[in-house]
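**Q** Below is one structure. I have some questions about it.
The values are calculated or read from the model by the stated rules, or taken from the named source; none is laboratory data. Quick caveat: nothing in here was measured; it's all calculated off a predicted structure. Here Cβ is always computed from backbone atoms with ideal geometry, including for glycine, and neighbour counts include all displayed protein chains. When the accessible area is computed, the model is the full protein with side chains, heavy atoms only, and any ligands, DNA or RNA have been set aside. Shrake-Rupley method; radii C 1.70, N 1.55, O 1.52, S 1.80 Å.
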Amino acid sequence: LGLTATLWAAGAPGATSLRQPAFDPTVPLRRSIGWGPLAVIPLPLCRLPLQMRGLASSAWLLGGAVASLPSRAEALVLGVAPADQAKYFGSTFKCIGGEGGPLPASAINDEYCDCADGSDEPGTGACAGQDTTHFYCPNEGSTPRRLYASRVGDGICDCCDGSDEAALSARAGGRPSCKNTCAEQGAREREAARRRIQDLQQAMAKQKETREKALKDIEIYKADRARLEGELPALEEALKAAEKAAEVERATQKEKSEAERKLREEALKVKAAEEEAKAKAAEEKMKTAFGGGECHWRQTGGCHPDGVREADKDKACSATIEKGASGYCDCDGDGTRNGKEPGYECKTAKPGTCVKACLALLEDSQGAGDEKPQVSEYTKWMDGAADAMGSEEKGGEAKAGDEKPQVSEYTKWMDGAAEAMSEGLAEEPEEEEGGTAAARAETSGGAPEQTAIDIEREARKKVTDHKNRMKQLQDNINALPSDKLVYASLTGRTLEKKVGEFKYKVSFFSNAHQDHTSLGHWSKWTGPTSGEFDKGTMCWGGPERKLLVNFVCGVQEELLDAMEPSRCVYEATVSHPGACAQEELDELTAGTRVVGVREEL
């Protein structure tokens with residue numbers, strides 16, 4: 001059974017509303033759904049009310065062309081995809097989200113929002129603002145797409161077939177507002193799809209190749225790690241044995257070093273006592289030579305040796321004269337300065353001690369006026385001049401130019417004793433644990449002699465290197481989870497790009513930099529096609545820099561862009577075959593792709 005539905009061009013009942021009155025099979029159904037001649041289409045009697053509801057027939061006339069009414073398998077309710085048409089069949093309708101009670105079938109596409117999810121208005125913009133029910137553009141000859149309800153009936157042609165503006169056209173008296181451009185658009189899309197399919201096929205082939213290689217590498221890593229793990233116990237046992245031998249050797253070295261240190265200390269004590277005795281003897285000799293007075297350093301003020309006395313700063317004759325002090329050496333100890341006693345201003349170089357200064361004065365005064373230098377008895381005792389004079393008597397006078405300057409033993413002691421003592425008391429530099437065999441060989445000039453400590457050091461290095469290698473292999477195994485093996489080709493690879501004034505370098509899976517500034521080290525995967533580098537260089541006042549990486553589908557591995565959308569948080573876009581989806585390839589190949597609400601053609 002069937003019914004002939006006569007579609008009038010204009011003036012039919014219900015022309016100003018998408019709500020369809022109750023169906024009367026005895027009255028011809030007249031709808032203003034287009035602009036043009038009449039269209040007479042046979043329809044099954046049982047389905048006519050819902051098929052004709054709103055602009056459900058899709059038989060609007062655009063640009064004077066007659067569009068035939070879709071068959072049972074095609075979209076019958078405006079804005080509803082073919083797969084969802086069955087939800088709108090029946091005399092009543094219930095919101096797809098489940099809220100509320102049954103609605104009359106006439107409530108569909110009546111430009112009044114009854115359902116919170118907008119499911120009662122799939123073909124109008126009445127339920128704009130929700131993100132559940134989207135308008136479906138059939139776009140015959142091109143790619144179907146979905147739109148937000150807010151873009152339906154807004155006067156802008158979003159669907160290439162103009163179906164999104166059909167309601168607006170009905171309110172405007174049936175005048176078509178959009179031209180059908182699906183044929184032209186479809187031709188462009190098919191060419192783009194052809195190229196995209198080629199790229200996706202290449203990308204999927206690379207994915208397969210990369211994944212297979214990664215799986216083989218992981219098996220090699222696991223085998224190597226198992227081998228190293230089996231070798232580790234023997235290395236650790238060898239280290240334990242070497243440590244025991246090294247401990248014995250260290251104990252022996254410590255005892256030897258302690259004995260040598262004590263010997264050095266005893267020798268220094270003896271030497272210090274001898275030198276002290278010599279110094280006291282020298283002072284006694286000098287005291288006798290200067291009439292029995294006790295030599296002192298007399299400090300004065302005003303940076304002049306004849307300045308005001310500062311008696312509280314007097315020092316013994318053997319004390320070191322401070323740099324920058326002024327005063328004089330009171331060689332005869334009478335408390336006053338005679339013309340010969342040496343004086344010093346603040347800037348004048350000091351002799352070190354007054355003992356040296358007074359001895360020099362004594363030697364100068366005893367030698368003045370003689371045809372030949374005379375050596376005092378005191379100086380003979382100090383410098384061994386008696387031997388020199390004896391040799392002169394035996395061998396005759398030596399030429400003045402042949403004589404070598406004599407330095408008194410006391411002066412030698414004063415100039416060098418402190419240095420000698422400091423050298424002796426200072427701990428002898430020792431290389432850690434006796435130094436390496438190579439270093440000892442270089443010092444001695446002989447062949448390397450390996451000690452127990454050398455053996456221990458080498459054994460410990462072997463164990464450490466062995467464990468580090470095991471850790472590296474485990475890191476390689478854990479670096480990519482099974483669902484990320486398609487990105488394995490990035491391992492150890494650095495992608496670079498200069499963006500503006502900065503050069504970005506992203507090294508997978510290691511670190512990232514903006515010029516010389518660290519943007520962090522690889523941290524984790526944050527999604528199917530996203531990852532993160534963190535703990536980069538601290539920004540002024542914080543926080544630490546980090547880089548978010550978003551992977552997009554591409555045949556080539558390439559750093560496409562980098563930016564800093566918020567303070568110290570950077571984003572990079574990387575093209576990689578791993579981000580390509582088999583689902584997209586299947587959709588394009590089968591021609592079943594539907595452009596989503598967040599996509600643009």
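**Q** Checking ALA107 against (1) under 48 Å from the mean Cα position of the chain (by Cα); (2) open to solvent by less than 20 Å² (accessible area, probe 1.4 Å); (3) more than 23 Å from THR181 (Cβ to Cβ), which test does it fail?
**A** (1)
**Q** Looking at GLN201, GLN207, which is the one that is surrounded by 17 or more Cβ atoms within 10 Å (Cβ to Cβ), in contact (Cβ under 8 Å) with a residue 24 or more places away in the chain and not β-branched (Val, Ile, Thr)?
**A** GLN207 is the lone residue from the list that is surrounded by 17 or more Cβ atoms within 10 Å (Cβ to Cβ), in contact (Cβ under 8 Å) with a residue 24 or more places away in the chain and not β-branched (Val, Ile, Thr).
**Q** Let me ask you something else. So which residues in region 132-157 are closer than 16 Å to ALA81 by Cα and within 47 Å of the chain's Cα centre (by Cα)?
**A** THR132, THR133, HIS134, PHE135, TYR136, THR143, PRO144, ARG145, ARG146, LEU147, TYR148, ALA149
**Q** Sort out which residues of region 329-338 are in contact with a Phe, Trp or Tyr (Cβ under 7 Å, 6 or more places away or on another chain) and either closer than 12 Å to THR353 by Cα or among the acidic types (Asp, Glu) (or both), and write them in order of number.
**A** Scanning region 329-338 gives CYS329, CYS331, ASP332.
**Q** I'm told TYR487 meets every condition in (1) assigned to a strand (DSSP E or B); (2) open to solvent by less than 40 Å² (accessible area, probe 1.4 Å); (3) touching a His at 6+ places or on another chain (Cβ under 7 Å) except one. Can you identify the failing condition by its number?
**A** Checking TYR487 against (1) assigned to a strand (DSSP E or B); (2) open to solvent by less than 40 Å² (accessible area, probe 1.4 Å); (3) touching a His at 6+ places or on another chain (Cβ under 7 Å), the one that fails is (1).
Yes or no, residue by residue, for (1) among the hydroxyl-bearing types (Ser, Thr, Tyr); (2) assigned to a loop (DSSP other than H, G, I, E, B); (3) open to solvent by 10 Å² or more (accessible area, probe 1.4 Å); (4) out of contact with any His (no Cβ under 9 Å at 6 or more places or on another chain):
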| position | (1), (2), (3), (4) |
| --- | --- |
| ASN139 | no, yes, no, yes |
| THR143 | yes, yes, yes, yes |
| ARG146 | no, no, yes, no |
| ILE156 | no, yes, yes, yes |
| ASP164 | no, no, no, yes |
| ALA167 | no, no, no, yes |
| SER177 | yes, yes, yes, yes |
| ASN180 | no, yes, yes, yes |
| GLY186 | no, no, no, yes |
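**Q** Just give me the residues in region 278-325 being open to solvent by less than 80 Å² (accessible area, probe 1.4 Å), outside any loop (DSSP other than H, G, I, E, B), at pLDDT 85 or above and closer than 17 Å to VAL355 by Cβ, in sequence order.
**A** Of everything in region 278-325, those that are open to solvent by less than 80 Å² (accessible area, probe 1.4 Å), outside any loop (DSSP other than H, G, I, E, B), at pLDDT 85 or above and closer than 17 Å to VAL355 by Cβ turn out to be HIS296, TRP297, ARG298, GLN299, LYS315, ALA316.
**Q** Ok, one more. Report the residue count in region 480-511 for those that are farther than 21 Å from MET563 by Cβ, over 17 Å from the mean Cα position of the chain (by Cα) and not charged (D, E, K, R).
**A** So the count comes out to 8.
**Q** Now for a separate question. Taking the condition of being farther than 22 Å from GLU501 by Cα, among the hydroxyl-bearing types (Ser, Thr, Tyr) and assigned to a strand (DSSP E or B), how many residues in region 527-570 meet it?
**A** Of the residues in that region, 1 qualify.
**Q** Output the residues belonging to region 522-545 that are open to solvent by 10 Å² or more (accessible area, probe 1.4 Å) and of a type in the set (Phe, Trp, Tyr).
**A** If the condition is that a residue be open to solvent by 10 Å² or more (accessible area, probe 1.4 Å) and of a type in the set (Phe, Trp, Tyr), then TRP522, TRP525, TRP540 are the ones that fit.
**Q** Among the residues of region 509-521, how many are in a strand (DSSP E or B) and either modelled with pLDDT under 95 or surrounded by fewer than 14 Cβ atoms within 10 Å (Cβ to Cβ) (or both)?
**A** Within region 509-521, residues that are in a strand (DSSP E or B) and either modelled with pLDDT under 95 or surrounded by fewer than 14 Cβ atoms within 10 Å (Cβ to Cβ) (or both) number 1.
**Q** Collect the residues in region 334-344 that are at pLDDT 85 or above and surrounded by fewer than 16 Cβ atoms within 10 Å (Cβ to Cβ), keeping them in residue-number order.
**A** ASP334, GLY335, THR336
**Q** Which residues, taken from region 470-484, are in contact (Cβ under 8 Å) with a residue 40 or more places away in the chain and open to solvent by 50 Å² or more (accessible area, probe 1.4 Å)?
**A** Of everything in region 470-484, those that are in contact (Cβ under 8 Å) with a residue 40 or more places away in the chain and open to solvent by 50 Å² or more (accessible area, probe 1.4 Å) turn out to be GLN474, PRO481, ASP483.
**Q** Looking at LYS404 and the list (1) within 24 Å of LYS285 (Cβ to Cβ); (2) open to solvent by 70 Å² or more (accessible area, probe 1.4 Å); (3) modelled with pLDDT of 55 or more, which single condition is not satisfied?
**A** Of everything listed in (1) within 24 Å of LYS285 (Cβ to Cβ); (2) open to solvent by 70 Å² or more (accessible area, probe 1.4 Å); (3) modelled with pLDDT of 55 or more, LYS404 misses just condition (3).
**Q** Looking only at region 136-161, which residues are in contact with a strand residue (DSSP E or B) (Cβ under 9 Å, 6 or more places away or on another chain) and among the small types (Gly, Ala, Ser)?
**A** Of everything in region 136-161, just one residue is in contact with a strand residue (DSSP E or B) (Cβ under 9 Å, 6 or more places away or on another chain) and among the small types (Gly, Ala, Ser), namely ALA149.
**Q** Further, regarding this structure: Cβ-Cβ under 9 Å, sequence separation 6+ or interchain: first residue in region 453-469 and within 17 Å of ALA226 (Cα to Cα), partner open to solvent by 70 Å² or more (accessible area, probe 1.4 Å). Which pairs?
**A** Pairs found: HIS466/GLU231.
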